[in-house]
Amino acid sequence: MSITMTRIEQQRIGTTEADGQPVAYAVSGAGPLLVCVPGWISDVELGWAIRPERAVAEAIGRGRRVIRYDLPGCGRSRPATAAPSIPLAVATLDAVIAAEGAGPVDLYAVSFGVAVALAWAAAHPDRVRSLVLYGGWADGSALAPPELRERIPALVRAHWGLGSDVLADIFAADADATGRASFARYQRAAASAATAADILALSYRVDASADARAVTCPTLVLHRAEDRAVPVAEGRRLARLIPGARFEAIPGRSHIPYLGDVTALSTPILRFLGIAGPPAAPPALTPRQLEVAALVADGLTNREIALALTITEKSAESHLEHILTRLGFRSRAQIAAWYASGSRS
């Protein structure tokens, strides 16, 4: 297994591989290891640019070394040649943990990632301190009628633009129209139509019941009370399967954890993990830097930004560098995603 690492401000990006497939992961903070198991397509760099997504990672990661990663075929873990599968997803989690030195870990898993975390915890009971499971289920066939389990992945595969909009309406029900449009763009940037459809179809085939019964570590199961994608009853059913698990319903309709009331999500997690202290203030830009960020989001070059703001091109470059440093980014794409998602407000 080969590992390469590049350090950037506030998070560092690493690469490894799982079953011959490329895997990119991001690490932030210091302390005991907390691994975030992704539940849907993701991009660890663009996700870091979206304030609510980053806020969840930073909130629950206080006093922790937090790992976020992209499944093979998603985000920075591209290109991949193998189709998504539970064994590959479990191997990916294993590779990421091994790349950061193994040892005992806390796992925070979301949606489809819940089945992956359960499988890993069942196989490695001595290496998991605790599990936090959000928006998960035991039996994917219970999520929708058979015709929908076929039609939705088929729509995504055939019409990714329309499919991403439909999924945004379901997954991001608490977001406004701008937020849902931003999430739809994020999905399309994070994976191809084929990969998205494959992961969605796999989610409907998941049966994590046996692994859930085998879990021995302290477990918190969280679910939004009006989740439009996964009924809260499925979260309760999952919690009943896990010995000693604690279930908590939180307000909201969004399936995506960082869309909706982030405080209601993070507070029980912090309490469960024994993390105390106020959250860090989000990074802020000066008015001029906000103007530059808006023009970057519009796709303007440094020369065009200089002309638009009546400044020199060197000044535009300087503003861009300061924005990247202040926000902990390394690309214009991250600035554009940050601005388009409304993170500036």
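The values are calculated or read from the model by the stated rules, or taken from the named source; none is laboratory data. Since we're looking at a predicted model, the values are computed, not measured. Note that we place each Cβ from the backbone using ideal geometry, even for glycine, and neighbour counts take in every protein chain shown.
A few points about this structure:
- Note on segment 218-268: residues that are among the small types (Gly, Ala, Ser), closer than 17 Å to LEU143 by Cβ and not in a loop (DSSP other than H, G, I, E, B) amount to 3.
- Residue within segment 197-218 that is of a type in the set (S, T, N, Q) and either farther than 30 Å from LEU33 by Cα or out of contact with any helix residue (DSSP H, G or I) (no Cβ under 7 Å at 6 or more places or on another chain) (or both) present: no
- Of all residues in segment 48-81 being under 23 Å from ALA175 (Cα atoms), in contact (Cβ under 8 Å) with a residue 60 or more places away in the chain and touching a strand residue (DSSP E or B) at 6+ places or on another chain (Cβ under 8 Å), the one that is surrounded by the most Cβ atoms within 10 Å (Cβ to Cβ): TRP48
- Some residue of segment 187-200 being among the hydroxyl-bearing types (Ser, Thr, Tyr), buried (at least 16 other Cβ atoms within 10 Å of the Cβ) and assigned by TED's automatic domain parsing to the domain that holds ILE41: no
- Any pair with Cβ under 8 angstrom, 6 or more apart, that starts in segment 225-254 at a residue that is more than 19 Å from SER266 (Cα to Cα) and ends at one that is hydroxyl-bearing (Ser, Thr, Tyr): ARG228/SER254; ALA229/SER111; VAL230/SER111; LEU241/SER209; ILE242/THR219; PRO243/THR216; GLY244/THR219
- For VAL96, the conditions (1) in contact with a helix residue (DSSP H, G or I) (Cβ under 6 Å, 6 or more places away or on another chain); (2) buried (at least 21 other Cβ atoms within 10 Å of the Cβ); (3) within 30 Å of TYR339 (Cβ to Cβ); (4) not charged (D, E, K, R) are fulfilled apart from (1).
- Of all residues in segment 115-163, those satisfying the criterion of being among the β-branched types (Val, Ile, Thr), within 19 Å of VAL230 (Cα to Cα) and more than 19 Å from the chain's Cα centre (by Cα) are ILE152, VAL156.
- Considering (1) assigned by TED's automatic domain parsing to the domain that holds ILE41; (2) within 18 Å of the chain's Cα centre (by Cα); (3) charged (D, E, K, R), the lone condition that ASP211 does not fulfil carries the number (2).
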